[in-house]
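Here is the structure we will look at, set down as structure tokens.
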Amino acid sequence: ARQLAIVPIAAFNATGDLNQLKTALQVGLEQGLTINEIKEVLSHQYAYVGFPRSLNGLGVFQGLLAERQQAGIVDPVGRVATVSPRDTDYYQLGTETLIYLTRGPAHRPMFEFAPAMDYALKAHLFGYLFSRDSLSYIDRELTTIVTLAAVGNVNNQLISHFRVAGNLGLTREHLNQVIATLNVQVDPTVARNAARQLATLDQ
């Protein structure tokens with residue numbers, strides 16, 4: 001229930017539906033997500049939907065927490081991310097993380113074509129964000145899958161992250177539960193497309 005609570009949070013933040021997001025955030029807290037885990041979910045999304053969406057989502061979350069505090073509700077803060085040494089080579093760390101997650105090569109034609117994208121992906125996303133251990137790799141991949149599914153028209157990337165989720169140990173049953181949650185709580189059209197993309201892994 002805790003992990004599936006990530007689904008509507010990531011989906012509504014990805015599409016900018018802040019009213020639905022507020023409700024999803026409240027449910028997430030009630031299902032056991034900590035404050036820091038939710039902050040990491042919303043922050044992780046900047047790599048996929050940009051800073052404006054992440055900042056807006058964090059603003060809604062900050063306001064919700066203030067309301068809950070005024071009502072006397074004490075939410076668990078959760079684990080604080082370990083601070084990496086100041087001389088951490090995030091590009092190298094991200095390269096190693098990319099290889100681990102994808103079980104594939106770190107050098108690809110697109111990275112050679114666009115070196116700036118190569119650096120951003122490896123240093124910022126797979127290096128810095130994935131090094132923040134207040135959210136697990138699996139939770140980050142769930143966030144990514146739902147974000148991509150909700151945004152739409154990025155099926156190649158969605159399929160790629162379905163594969164990463166499998167590499168991390170998520171079964172088809174797990175992923176079908178995510179899709180079922182999308183269907184019931186977010187948008188049946190989004191869920192149907194996600195199901196089609198997941199099915200391509202069997203072809």
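Of all residues in region 101-119, exactly one satisfies the criterion of being under 20 Å from Leu168 (Cβ atoms), touching a residue at least 12 places away in the same chain (Cβ under 8 Å) and open to solvent by 80 Å² or more (accessible area, probe 1.4 Å), namely Arg103. Of the residues that make up region 159-170, is at least one in contact with a helix residue (DSSP H, G or I) (Cβ under 8 Å, 6 or more places away or on another chain), under 30 Å from Arg86 (Cα atoms) and among the aromatic types (Phe, Trp, Tyr)? Scanning region 159-170 turns up no residue that is in contact with a helix residue (DSSP H, G or I) (Cβ under 8 Å, 6 or more places away or on another chain), under 30 Å from Arg86 (Cα atoms) and among the aromatic types (Phe, Trp, Tyr).
Inspect region 68-88 for any residue being outside any loop (DSSP other than H, G, I, E, B), in contact (Cβ under 8 Å) with a residue 24 or more places away in the chain and either touching a Lys or Arg at 6+ places or on another chain (Cβ under 8 Å) or more than 22 Å from Gln26 (Cα to Cα) (or both) and give the result as yes or no. If you could, list the steps in order and put the result at the bottom.
At the first step, the residues of region 68-88 found to be outside any loop (DSSP other than H, G, I, E, B) are 68-70.
After this cut, where a residue has to be in contact (Cβ under 8 Å) with a residue 24 or more places away in the chain as well, the list is 68.
Cutting the leftovers down to either touching a Lys or Arg at 6+ places or on another chain (Cβ under 8 Å) or more than 22 Å from Gln26 (Cα to Cα) (or both) gives us none.
No, that holds for no residue.
The residue of region 33-58 that is farthest from Leu148 (Cα to Cα), among those that are of a type in the set (Val, Ile, Thr) and touching a helix residue (DSSP H, G or I) at 6+ places or on another chain (Cβ under 9 Å), is Ile35. Residues in region 1-23 that are under 21 Å from Ala180 (Cα atoms) and without any contact (Cβ under 8 Å) to a residue 24 or more places away in the chain: Asp17, Gln20, Thr23. Among residues of region 1-23 being among the hydrophobic types (A, V, I, L, M, F, W, C) and over 15 Å from the mean Cα position of the chain (by Cα), the one that is modelled with the highest pLDDT is Leu18.
State yes or no: is Gln92 more than 20 Å from Ala14 (Cβ to Cβ), among the polar types (S, T, N, Q) and more than 16 Å from the chain's Cα centre (by Cα)? Here the answer is yes, as Gln92 does meet what is asked. Filtering region 105-126 for residues that are within 21 Å of Ile6 (Cβ to Cβ), out of contact with any Asp or Glu (no Cβ under 6 Å at 6 or more places or on another chain) and either among the aromatic types (Phe, Trp, Tyr) or not in a helix (DSSP H, G or I) (or both) leaves a non-empty set. When region 130-168 is limited to residues that are of a type in the set (A, V, I, L, M) and surrounded by fewer than 21 Cβ atoms within 10 Å (Cβ to Cβ), the one that is nearest to Thr15 (Cα to Cα) turns out to be Val151. In summary, Lys122 fulfils each of the numbered conditions (1) in contact with a Gly (Cβ under 8 Å, 6 or more places away or on another chain); (2) surrounded by fewer than 15 Cβ atoms within 10 Å (Cβ to Cβ) with the single exception of condition (2).
Listed residues Gln177, Gln197; which is open to solvent by 80 Å² or more (accessible area, probe 1.4 Å), farther than 27 Å from Thr82 by Cβ and either in a helix (DSSP H, G or I) or without any contact (Cβ under 8 Å) to a residue 40 or more places away in the chain (or both)?
Working: Gln197 fails: open to solvent by 80 Å² or more (accessible area, probe 1.4 Å).
Within the list Gln177, Gln197, the selection yields Gln177.
The values are calculated or read from the model by the stated rules, or taken from the named source; none is laboratory data. None of these values were measured; they are calculated from a predicted model. Here Cβ is always computed from backbone atoms with ideal geometry, including for glycine, and neighbour counts include all displayed protein chains. Protein only, heavy atoms only, side chains kept; ligands, DNA and RNA dropped before computing areas. Shrake-Rupley method; radii C 1.70, N 1.55, O 1.52, S 1.80 Å.
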